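Just so it is clear, none of the values below were taken in a lab; they were calculated from the coordinates. Being a predicted model, the structure only gives us computed values, none of them experimental. Using ideal geometry, Cβ is built from the backbone for each residue, glycine included, and neighbour counts are taken over all protein chains shown.
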Amino acid sequence: MTETFYDVLRRQGITRRSFLKFCSLTATSLGLGSAAAPQIAHALETKPRTPVLWLHGLECTCCSESFIRSAHPLTKDVVLSMLSLDYDDTLMAAAGHQAEAILDEIRTKYKGNYILAVEGNPPLNEDGMFCLQGGRPFVEKLRETAADCKAIISWGSCASWGCVQAAKPNPTRATPVHKVITDKPIIKVPGCPPIAEVMTAVVTYMLTFERLPELDRMGRPKMFYGQRIHDKCYRRPHFDAGQFAEAWDDEGSRKGYCLYKMGCKGPTTYNACSTVRWNGGVSFPIQSGHGCIGCSEDGFWDKGGFYDRVTDIKQFGIESNADKVGGTAAAVVGAGVAAHAAVTALARARNKTGIEVKQEEH
C-alpha cells in the first residue's frame, strides 16, 4: 500500500508538532484559514499519497523552475512526501526505456486514480512530429496517459492557452491541452510561469479534499484567479487619482504612480500576483517597476505589445479613459486649491473687519 504523507514524515523524524504547524501554514497559504488545518492534517494522515505523472510538451520549463521554488509548502515536501511524483522527465533520475516503463507501470497499477500534470502543449501539425519523445509524437503520449487518469492539471499558459508556441502564425499548430483531451476534468493554472505557491496550493487542495477547487468559467481556480491584479495592486490609489507614469524613469515613475499608461495589463488580468506575490512573497513585477504583461490570460501574446496600453478601460462609473481622468483629477485639485485660497482670503478679511465668515465643511 502507498504510504501517507504523515507516514513519510514520521520516517524522516518529523515531530507531530512540526506536522501540525505545517498543516496550519498550508491552510493559510490556501486562503482557508486556521479552521481548515485539522482537515488538512486528517487528509495527510490517512490518505495514500497520490501518484502523479508530469509530462512536458512544447514549453521552456519555466513552470518547473517556478514550482521548485515554492516556500509554502516547500517543494521537497510536495514532491517527496505529499505526492508520489512517479514520472517527470526533468526531475527524475531515470532516463530512456527505464523512464518510459514507469508510465506503463503507473497507468496499469493506479488506473483511474493518478493525476496527470501537463507542462507545455502538443503540436498537431505534421501528425505531431514537431515534438517527439521516446521516438513518437508527444500528442500520442499525452492521449495515452490521459486515458486512465483521474484529472489533469494544465500548468502554465502553454498548457492552458497555447502561449507563445500558439502565437500567430502558429506553424506547428501548438494546441492547449483542453482542446486535445475533452473527456477529463481539467484545472488550468495559467501564468508564464504560474506563482510557485499557487501551484503547490492547488496540489495540496486536491490531495486534502479529493476534488478540484472551485473553478471560474475559464477553468481556473477561483481562490487564485478570482480577482484582477488591479483590484489589490498597491498602485491602485494612483490610478483612481489619475496619477500615471508617462515615461520610464520620469517623475511619476519615481513616485510610484500607476503604470497603466506604460502598458500595464493589471486591469484585465486575473491572477494572485499582487497578493501572493513572487519569491516567497517578496515582490511582483509592478512592485519592481514593470507593468503586468497579462501572461495568465488567453492569447496574451497576440493581444498587442507588452507596452501598448489597454484602450477600453472604463472607471469611475463614467465613459472615460486615463487621459480624461488625469485631466479631471488635475482640474479638481486646481479647483480645490482655488477654493481654499478664497476661504483663506475671507478668513483674513474677517479678522480685519470683525465680521465672522463661516467656512463650510466639504
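Residues whose amide H comes within less than 5 Å of that of ALA151, counting only those at least five positions distant or on another chain, are LEU116 (H built at 1.01 Å from N in the peptide plane).
Evaluate E = 1/(1 + (r/R0)^6) for ARG173 and ASP298, where r is the Cβ-Cβ distance and R0 equals 22 Å; express this FRET efficiency to the nearest 0.05. Before the final figure, lay out each step's value.
Working: r = 17 Å, r/R0 = 0.77.
In this case the efficiency is close to 0.85.
When the listed pairs LYS179/LYS303; LYS141/LYS222; LYS232/LYS261; LYS109/LYS184 are checked against a 23 Å cut-off, the alpha-carbon distance exceeds it for LYS141/LYS222.
Model label points for ALA35 and ALA99, set 7 angstrom from Cα along the Cα-to-Cβ axis, are 4.6 nm apart.
By how many nm would the segment from ILE68 to GLU210 lengthen if fully extended, with 0.36 nm per residue of separation less the alpha-carbon distance?
Working: separation 142, 0.36 × 142 = 51.12 nm, distance 2.32 nm.
Once the chain is fully extended between ILE68 and GLU210, it gains 48.8 nm.
Estimated at 0.36 nm per residue, the fully extended path between GLU126 and LYS47 surpasses their Cα-Cα distance by 24.1 nm. Within the stretch 283-309, list the residues whose amide N lies under 19 Å from a label point set 7 Å along Cα→Cβ of SER253. From the stretch 283-309, the list is 284-294, 305-309. The H on the amide N of LEU215, modeled in the peptide plane, is under 5 Å from the matching H of LYS222, each at least 5 residues off or on a different chain. Applying the criteria of a DSSP loop state and at most 15 other Cβ atoms within 10 Å to the chymotrypsin sites (Phe, Trp or Tyr not before Pro) of the stretch 168-266 yields TYR234, TRP248.
Looking at the stretch 223-302, which trypsin sites (Lys or Arg not before Pro) are DSSP coil and have at most 11 other C-beta atoms within 10 Å of their C-beta? Walk me through the numbers on the way to the answer.
Values: sites: ARG228, LYS232, ARG235, ARG254, LYS255, LYS261, LYS265, ARG277; in loops: ARG235, LYS255, LYS265, ARG277.
Of the trypsin sites (Lys or Arg not before Pro), the ones in loops of the stretch 223-302 whose Cβ has at most 11 other Cβ atoms within 10 Å are LYS255.
Residues whose amide H lies under 5 Å from that of THR50, counting only those 5 or more places away or on a different chain, are SER84; hydrogens are built 1.01 Å from N in the peptide plane. Shown in residue order for the stretch 221-229 are the 3J(HN,Hα) couplings computed by the Karplus curve 6.51 cos²θ - 1.76 cosθ + 1.60 at θ = phi - 60°: x, 4, 5, 10, 10, x, 9, 6, 4 Hz (x for Gly and Pro). Between the residues ALA201, ILE153, ILE106, the greatest Cα displacement towards the positive end of the dipole of the stretch 5-225, with unit charges on the Cβ of Lys, Arg, Asp and Glu, is found for ALA201.
Couplings 3J(HN,Hα) of the stretch 273-287, computed from phi: 4, 7, 10, 6, 6, 10, 6, x, x, 6, 7, 8, x, 5, 5 Hz, in residue order, whole Hz [Karplus 6.51 cos²θ - 1.76 cosθ + 1.60, θ = phi - 60°; x for Gly and Pro]. Give, as ranges by residue number, the residues of the stretch 206-230 whose backbone N falls under 18 Å from the point 7 Å along Cα→Cβ of ASP7. The answer is 207-208. In sequence order, the stretch 128-134 has phi-based couplings of x, 6, 7, 8, 10, 9, x Hz under the Karplus curve 6.51 cos²θ - 1.76 cosθ + 1.60, θ = phi - 60°, and Gly or Pro positions carry x.
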